[in-house]
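Working notes, structure below.
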There are 2 protein chains.
Amino acid sequence: MRSPTELAQVFRSKQLKLTPQRQLLFSLLHENASHPTAEALFEVASKQMPGISLRTVYQTLGELAEMGELQLIDFGVGATRFDPNMGDHHHFVCDSCGAIRDVDITSAPRLRSGSGDGFAVEDVNVVFNGLCSRCNQPNKRSPGHQAKHKKK
Amino acid sequence: MRSPTELAQVFRSKQLKLTPQRQLLFSLLHENASHPTAEALFEVASKQMPGISLRTVYQTLGELAEMGELQLIDFGVGATRFDPNMGDHHHFVCDSCGAIRDVDITSAPRLRSGSGDGFAVEDVNVVFNGLCSRCNQPNKRSPGHQAKHKKK
DNA sequence: TTGTTAATTCGCATTACTTGCAAATTAGAA
DNA sequence: TTCTAATTTGCAAGTAATGCGAATTAACAA
């Protein structure tokens with residue numbers, strides 16, 4: 001991850017202006033380990049910066065992703081999630097409450113096959129589905145944000 | 001996979017009617033290894049059964065998925081894909097043309113961790129991104145259906 | 001400080017994909 | 001053949017995200 005100061009330099013080096021919106025979104029994202037959606041980030045940002053536009057959130061998140069400052073992940077369950085953790089890692093998704101947790105690559109076999117059968121693999125993403133520790137307790141399932149697409 | 005006859009029994013056992021639409025969609029899906037979208041399947045189905053509704057395609061695909069006859073997969077690149085292959089396997093997605101290929105589980109490390117850190121993993125999905133053999137040839141990239149969300 | 005200008009934000013319209021709903025149709029049992 | 005619940009269909013509506021143009025503003029220069 002990058003400090004706000006470093007971010008400023010990255011922005012300038014790319015001819016991008018350092019706006020209050022961008023700074024806010026960047027820091028909110030780094031304070032937030034929940035892999036928020038654009039909408040969720042918008043909610044939080046609105047509290048500190050009333051009037052900020054959802055359009056700007058999408059715009060900025062897209063730019064940060066292009067700059068390699070964050071990952072854009074779609075688990076096929078509602079909206080795209082944003083992850084500032086650019087390290088090699090995977091994800092666990094709770095099928096009950098929708099919570100997402102990073103899965104450190106060391107705890108999962110490292111998959112980095114070069115190529116096979118003619119196609120060149122450039123990236124491998126592993127998604128673990130199941131029940132989080134909270135929802136795994138039979139009597140206290142969080143009815144949180146349920147999966148919409150129920151993959152299976 | 002199931003033969004049309006077996007399917008009929010499965011349907012009956014669940015009080016579901018064996019309609020021409022369902023039979024057509026089921027067989028089209030099994031003839032088709034491209035992991036089509038609902039829309040794509042609708043196009044093909046329309047040729048053999050003019051007037052069939054896109055709504056019915058979505059409906060039927062959803063039912064088949066609930067019955068465990070097919071998988072519903074969202075790669076975060078446009079529409080949901082449908083896969084009649086219920087065996088343990090993963091997927092390769094071409095970032096250039098959007099083509100999808102099954103990746104037999106034997107060629108990838110078998111990931112079936114029971115649980116860790118309190119959450120119960122019930123399913124593991126691995127997505128390999130890269131360039132397919134066709135697009136991997138520098139001069140002949142298929143400009144096919146480009147990725148829309150470009151995950152990274 | 002002030003001015004200039006290209007970058008950015010904002011809001012609204014629009015697209016893409018999918019689902020809800022109600023009326024019309026039909027498979028399967030009697 | 002008749003009956004009825006299941007199914008299909010078309011259209012409206014919903015969600016997520018993007019396109020676009022007008023208004024605003026960060027950053028640089030004078």
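Couple of notes before you dig in:
- Packing-based exposure ordering (other Cβ within 10 Å, fewest first) of B:Arg12, A:Arg134, B:Arg101: B:Arg12, A:Arg134, B:Arg101
- Exposure proxy ranking, count of Cβ atoms within 10 Å, fewest first, for B:Leu61, B:Leu54: B:Leu54, B:Leu61
- Kirkwood's formula applied to the C-alpha pairs of region B:3-51 gives a hydrodynamic radius of 11.5 angstrom.
- Distance between the modelled labels on A:Ala8 and B:Arg55, one decimal in nanometres: 5.8 nm (7 Å Cα→Cβ projection).
- The simple Förster model, with R0 at 35 Å and r as the Cβ-Cβ distance, assigns A:Asp88 and B:Lys47 a FRET efficiency of 0.15.
Every number in this text was worked out from the coordinates using simple rules, so none of it is lab data. This is a predicted model, so every value here is computed, not measured. Here the Cβ is made from the backbone with ideal geometry for all residues, glycine too, and neighbour counts use every protein chain on show.
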